[in-house]
Amino acid sequence: MKEIARRGQEIYDHKLRAQLEATQLGRFVAIEPESGDYFIAQKLDEAIQAARAKHPDRLAYALRVGFATAVELGHCPS
């Protein structure tokens with residue numbers, strides 16, 4: 001899993017970041033590191049589902065374009 005994340009982040013940093021952050025800020029991208037294919041969607045699960053549809057036997061690395069984390073977890077108001 002760490003290798004998939006490392007390779008996915010490398011592809012994002014070196015090949016996709018400038019393009020996606022200029023045009024897809026805030027959307028989600030799932031990157032399949034073996035092929036370099038990537039899938040963009042408004043929702044995280046949609047990006048992952050698109051990656052699985054094309055590469056059902058491979059894992060993808062997902063992130064939110066322009067953000068340090070894909071999701072933010074916080075406390076619920078009482």
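Computed from the coordinates by the stated procedures, all read-outs in this text should not be read as laboratory data. Note that this is a predicted model, so its numbers are computed, not measured. Cβ placement follows ideal geometry from the backbone for every residue including glycine, while neighbour counts extend to all protein chains displayed.
Using only the alpha carbons of the chain, determine the length spanned along each of the three principal axes and report them from longest to shortest in whole angstroms.
45, 28, 22
Pull out the extension gain between Glu46 and Ile4, defined as 0.36 nm times the separation in residues minus the alpha carbon to alpha carbon distance; nm, one decimal.
Details: separation 42, 0.36 × 42 = 15.12 nm, distance 1.92 nm.
Gain on extension, Glu46 to Ile4, equals 13.2 nm.
What does the net charge come to around Glu21 if you take all other residues with beta carbon closer than 15 Å to its beta carbon, with K and R at +1 and D and E at -1?
Details: positive: Lys15, Arg17, Arg27, Arg64; negative: Asp13.
That works out to +3.
Long-range amide H contacts for Ala62: which residues qualify at under 5 Å (H placed 1.01 Å from N, peptide plane, sequence gap of 5 or more or a different chain)?
Under 5 Å from the amide H of Ala62: Ile31.
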